[in-house]
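Trainee: Before we start, here is the structure in question, set down as structure tokens.
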Amino acid sequence: MWDKGGDDPVTEADLAVDTHLKDSLLAARPDYGWVSEETEDDPARLTARHVFIVDPIDGTRSFVAGEKAWAHSLAIVENGVPTAACVYLPVLDKMYLAARGEGATLNGKPISASDACDVEDADVLTPKVTLQERFWHKSAPAFRRHFRPSLAYRMALVAEARFDAMLTLRASWEWDIAAGALLVSEAGAQVSDRHGKSLVFNSPARQSAGVVAAAPTLHRKFIDRLA
């Protein structure tokens, strides 16, 4: 493992998975663009109608440590909107799939998000920094905080109602969230950036202004309370 800069680790496995997926997928769909954490950005993607958005290993530190909660994350985006998604955790044998308008599944079985509506009584996946007062109007809610290292997995866990919401308030890379965004929405929850704006993918910056994913009523309440 080595550091790409900014406390951003990468391993030979990240690069190998990226190369395998890129070669295989673009051979099948040569007119698609490509966005990946481990591939240098190609501006040609901006003119492609369809784009693969991939994180070869989401949760690299967890992978290196021999832990279980890391994932492969893959989405297909059409004109900025995810249309197909896969988040796969090989150690846990969990395969999350979604297609636009067709729902979301875990290992072939349909999943649905939580219908929670009380921010103070919610189980929320988010890093500790989210609880800092500067992020909230008046004060941070007293929800129950949990964490998983893979951002894609956090979103998948919201999709299957294991948790009521997930928040990340820092700028978020598209490869971490594109697949999860479709899983969440197809499971019946809502997803946006931290300001409540729709997520648009294959953007020039390849980032969003954070992510809020939650049951519909809960989502609006979180957006209203964030500073």
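Every number in this text was worked out from the coordinates using simple rules, so none of it is lab data. Please read these numbers as outputs of a predicted model, since none were measured by experiment. Methodologically, a virtual Cβ is constructed for each residue, glycine included, from the backbone with ideal geometry; neighbour enumeration extends over all protein chains shown.
Trainee: For the subset of the stretch 118-141 comprising residues that are farther than 19 Å from residue 216 by Cα and small (Gly, Ala, Ser), which member is surrounded by the fewest Cβ atoms within 10 Å (Cβ to Cβ)? Walk me through how you get there before you give the answer.
Mentor: Within the stretch 118-141, the first condition is being farther than 19 Å from residue 216 by Cα, and the residues that meet it are 127-140.
Next cut, small (Gly, Ala, Ser) only: 139-140.
Values: 139: 9, 140: 16.
So the residue we want is 139.
Trainee: Can I ask one more? Of the numbered conditions (1) surrounded by fewer than 20 Cβ atoms within 10 Å (Cβ to Cβ); (2) on the phi > 0 side of the Ramachandran plot, residue 94 satisfies every one except a single condition; which is it?
Mentor: Checking residue 94 against (1) surrounded by fewer than 20 Cβ atoms within 10 Å (Cβ to Cβ); (2) on the phi > 0 side of the Ramachandran plot, the one that fails is (2).
Trainee: Let me ask something additional. Can you name the strands (runs of 3 or more DSSP E) wholly within the stretch 56-150 that have at least 3 residues being out of contact with any Leu (no Cβ under 6 Å at 6 or more places or on another chain) and either farther than 26 Å from residue 197 by Cβ or not aliphatic (A, V, I, L, M) (or both)? Let's see the steps before the verdict.
Mentor: Details: elements: 71-78, 81-89, 94-99, 104-106, 123-125, 144-146.
Ranges flagged: 71-78, 81-89, 94-99.
Trainee: Could you please find all residues in the stretch 43-100 being more than 16 Å from residue 178 (Cα to Cα) and of a type in the set (Gly, Ala, Ser)?
Mentor: 44, 48, 62, 65, 66, 69
Trainee: Hey, another quick one. Among the residues of the stretch 158-175, how many are under 14 Å from the mean Cα position of the chain (by Cα), surrounded by 24 or more Cβ atoms within 10 Å (Cβ to Cβ) and not β-branched (Val, Ile, Thr)?
Mentor: Here the count works out to 5.
Trainee: In the stretch 167-196, what count of residues is obtained for those that are assigned to a helix (DSSP H, G or I) and either closer than 15 Å to residue 127 by Cβ or charged (D, E, K, R) (or both)?
Mentor: Going through the stretch 167-196, the residues assigned to a helix (DSSP H, G or I) turn out to be 174-186.
Among the residues that remain, those that are also either closer than 15 Å to residue 127 by Cβ or charged (D, E, K, R) (or both) are: 174, 176-177, 186.
Matching residues across the stretch 167-196 total 4.
To keep it simple, each residue is scored yes or no on (1) over 24 Å from residue 77 (Cβ atoms); (2) touching a residue at least 60 places away in the same chain (Cβ under 8 Å).
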| site | (1), (2) |
| --- | --- |
| 132 | yes, no |
| 160 | no, yes |
| 198 | no, no |
| 207 | no, no |
| 213 | no, no |
| 227 | yes, yes |
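Trainee: Scanning the stretch 101-117 for residues that are buried (at least 18 other Cβ atoms within 10 Å of the Cβ) and among the hydroxyl-bearing types (Ser, Thr, Tyr), which turns out nearest to residue 179 (Cα to Cα)?
Mentor: 105
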